[in-house]
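Structure first, then comments.
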Amino acid sequence: MAKVNPDTLDLKDRVVRTNKVQKTHKGGRTMSWSILVVVGDENGYVGAGIGKARAIPDAIRKGTEDAKKNLIKVPIVDGTIPHEILANHGASQVLLRPAAPGTGVVAGGAVRILLELAGVKDVLAKSIGASNPVNNAWATINALTSLKTIEDIARLRGKTVQEIRHGSAAPGTVVPTAAVAPVAAVVLSAPLETTKIETETESAEEVTADVAA
């Protein structure tokens, strides 16, 4: 994937999670912060990063810089994603589904923040596995990275968009029905043959009755 230059975008940043870490040394305890930050321009670009520092402002700054290095392009079609996608990271799984206009972003936690900063207006999301916000964020990034438009699929298959939409057969092609005709003929002829056999049986019984008389 091509590298995205963050200087050309109007990025917004939001803190998803702050985690206090204490490490015990010989001389005492050392406290630091690990912060997950998401950045996006609300127009198709989004990224996430983690910053670690002794102070919260320094951790946020480092997380923002890391998120800008991990920017991705999200394909958006009519305000939603082009197709359903299921992705995972560790024990977390995230399911994303396209939604009709006016639905809004039906998601929570880190998934919602990522989708909003990516610029997705209508989408249905569900976190299936573990509820760890960090893993959910990376699973959402994996899902958004795996999305493909119909133009991408056509280019990969060496076909046009019209061929992908309408299948291999050209639009307006009539499927031949010659193979169905023999079956119909057999079905129609079956009652006629049965009637003929019943008539012959009745004639034989009448002849036997005449002879006996």
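The values are calculated or read from the model by the stated rules, or taken from the named source; none is laboratory data. None of the values given here were measured: they were computed from a predicted structure. Ideal geometry is used to build each Cβ from the backbone, glycine not excepted, and the neighbour counts take in all protein chains shown. For accessibility, only protein heavy atoms count, side chains too; no ligands or nucleic acids. Shrake-Rupley method; radii C 1.70, N 1.55, O 1.52, S 1.80 Å.
Things worth noting here:
- Restricting attention to segment 45-103, the residues that are under 16 Å from the mean Cα position of the chain (by Cα), surrounded by fewer than 16 Cβ atoms within 10 Å (Cβ to Cβ) and among the hydroxyl-bearing types (Ser, Thr, Tyr) total 0.
- Thr80 closer than 23 Å to Val39 by Cβ and polar (S, T, N, Q): yes
- Qualifying positions in segment 1-16 - open to solvent by 60 Å² or more (accessible area, probe 1.4 Å) and not in a loop (DSSP other than H, G, I, E, B): Asp7, Thr8, Lys12, Asp13, Arg14, Val15
- Any hit, segment 17-31, residues being part of a loop (DSSP other than H, G, I, E, B), β-branched (Val, Ile, Thr), open to solvent by less than 70 Å² (accessible area, probe 1.4 Å) and over 22 Å from Asn136 (Cα atoms): no
- Complete set of residues in segment 32-44 that are open to solvent by less than 10 Å² (accessible area, probe 1.4 Å) and hydrophobic (A, V, I, L, M, F, W, C): Ile35, Leu36, Val37, Val38, Val39
- Wholly enclosed helices (runs of 4 or more DSSP H) of segment 98-170 bearing at least 2 residues of a type in the set (A, V, I, L, M, F, W, C) and farther than 30 Å from Ile50 by Cα: 150-157, 161-166
- Set side by side, the residues Glu84, Glu163 differ, and just one is touching a helix residue (DSSP H, G or I) at 6+ places or on another chain (Cβ under 9 Å) and of a type in the set (Asp, Glu), which is Glu163.
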